[in-house]
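Presented below is the structure to which this report refers.
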Amino acid sequence: MTSLPRFRDFRSIVFFTGAGLSAESGIPTYRGRGGVWHAYDFREYACQRAFERDPDKVWTFHERRREVAAAAAPNEGHRIIAAVQAAMPATAIVTQNIDGLHQCAGGARVIELHGSLWRVRCDREGKRREDWTVPLASRRCPCGAAYRPDIVWFGDPLGVETFGEASRAITACDLFVSVGTSGLVTPAADLPLLAARGGAVCVEIDPEETPVSGWYRHHLRGPALEMLPLLRG
Ligand code: OAD
């Protein structure tokens, strides 16, 4: 059995995080028991067509998610990741999470693949604005058009620059640690393959096996809060 890698033995680390990391802060995951997409049909709440059909319904759903995220605090997993980054500045956090908890924990280089609950985007001009107020101060841009959450909904393309930045960090890393993602949503789910092909040591932290588990050399089957400290060693 190969011994577990330790953060200190690497020069450039990428943490690739998903909803399982924030689950321990009380934010529901998307799939699995209690998952958001079991209670809400994404076609009604998380796609551009739904927004155009009924913006208030979509905003009410996202306001609820902002309330849940605002009430949550970063957990020890977010803090360990931020501490590794503080000690090793070449570390990047590539997250699919939209809850802002990495930043709240002090994470610096956070690449948000799926956008953020805390940004709005003018649906006409595309201009973005941060807004951490709950409830949101205004659902309308000063230009008169609707604001929509700056989140990558189903059917939306990923930001080319954001994906490029994530890909570059992953190609350059020597340790890739995935935490709490089901590996079901592409193109994000393809990123571990990029790390593996680039020669990084790849570690998957997740209580469950995932469709991309085969790309990882090490599998830590348990909750993030128990597994991340093992790599600190
Ligand atoms: P999922 O809900 O698909 O998967 C969560 C993963 O976390 C599962 O593999 C669980 O086994 C694991 N998990 C649960 N509790 C955990 C714990 N305490 N510690 C570690 N792992 C745990 O969430 P994501 O993979 O993040 O996109 O979902 C990917 C994307 O699908 C999301 O970004 C979202 C969603 O649709 C958008 O909304 C654009």
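The values are calculated or read from the model by the stated rules, or taken from the named source; none is laboratory data. From a predicted model like this one, the values you see are computed outputs, not experimental measurements. Don't worry about glycine lacking a Cβ; one is built from the backbone with ideal geometry, like all the others, and counts go over all protein chains shown. When the accessible area is computed, the model is the full protein with side chains, heavy atoms only, and any ligands, DNA or RNA have been set aside. Shrake-Rupley method; radii C 1.70, N 1.55, O 1.52, S 1.80 Å.
Do we have residue 70 as among the hydrophobic types (A, V, I, L, M, F, W, C), open to solvent by less than 80 Å² (accessible area, probe 1.4 Å) and under 21 Å from residue 134 (Cα atoms) here? The answer is yes for residue 70.
For the stretch 33-52, filtered to residues that are open to solvent by less than 50 Å² (accessible area, probe 1.4 Å) and within 9 Å of the ligand (Cβ to nearest atom), the residue that is farthest from residue 221 (Cα to Cα) is 46. Just checking, does the stretch 152-169 include any residue being open to solvent by less than 40 Å² (accessible area, probe 1.4 Å), more than 12 Å from the ligand (Cβ to nearest atom), aliphatic (A, V, I, L, M) and in a strand (DSSP E or B)? No, because not a single residue in the stretch 152-169 is open to solvent by less than 40 Å² (accessible area, probe 1.4 Å), more than 12 Å from the ligand (Cβ to nearest atom), aliphatic (A, V, I, L, M) and in a strand (DSSP E or B).
Taken together, the residues in the stretch 81-96 that are within 13 Å of the ligand (Cβ to nearest atom) and open to solvent by 10 Å² or more (accessible area, probe 1.4 Å) amount to 1.
All of (1) assigned to a helix (DSSP H, G or I); (2) out of contact with any strand residue (DSSP E or B) (no Cβ under 8 Å at 6 or more places or on another chain); (3) within 13 Å of the ligand (Cβ to nearest atom); (4) open to solvent by 10 Å² or more (accessible area, probe 1.4 Å) hold for residue 186 with one exception: (1). Could you count how many residues in the stretch 6-32 are more than 9 Å from the ligand (Cβ to nearest atom) and either outside any loop (DSSP other than H, G, I, E, B) or exposed (fewer than 12 other Cβ atoms within 10 Å of the Cβ) (or both)? Result for the stretch 6-32: 8. Checked against (1) open to solvent by 30 Å² or more (accessible area, probe 1.4 Å); (2) in a helix (DSSP H, G or I), residue 3 passes all but a single condition, namely (2).
Taking the condition touching a Gly at 6+ places or on another chain (Cβ under 9 Å), of a type in the set (Lys, Arg) and within 16 Å of the ligand (Cβ to nearest atom), does residue 121 pass? Yes: the conditions hold for residue 121. Could we say that residue 109 is of a type in the set (Lys, Arg), at pLDDT 95 or above and either away from the ligand (no atom under 16 Å from the Cβ) or surrounded by 15 or more Cβ atoms within 10 Å (Cβ to Cβ) (or both) here? Against the criterion (of a type in the set (Lys, Arg), at pLDDT 95 or above and either away from the ligand (no atom under 16 Å from the Cβ) or surrounded by 15 or more Cβ atoms within 10 Å (Cβ to Cβ) (or both)), residue 109 does not qualify.
Only a single item in (1) modelled with pLDDT of 95 or more; (2) in contact with a Lys or Arg (Cβ under 6 Å, 6 or more places away or on another chain) is not met by residue 192, and it is number (2). With respect to (1) open to solvent by 10 Å² or more (accessible area, probe 1.4 Å); (2) away from the ligand (no atom under 11 Å from the Cβ); (3) in a helix (DSSP H, G or I); (4) not aromatic (Phe, Trp, Tyr), the lone exception for residue 227 is condition (2). Looking at this structure, is residue 64 free of Cβ contacts under 8 Å to residues at least 12 places away in the same chain and away from the ligand (no atom under 13 Å from the Cβ)? Yes. Residues in the stretch 196-222 that are touching a helix residue (DSSP H, G or I) at 6+ places or on another chain (Cβ under 8 Å), open to solvent by less than 50 Å² (accessible area, probe 1.4 Å) and within 15 Å of the ligand (Cβ to nearest atom): 203, 204, 205, 206, 212, 216, 220.
Residues in the stretch 38-62 that are in contact with a Lys or Arg (Cβ under 7 Å, 6 or more places away or on another chain) and either of a type in the set (Lys, Arg) or farther than 19 Å from residue 150 by Cα (or both): none.
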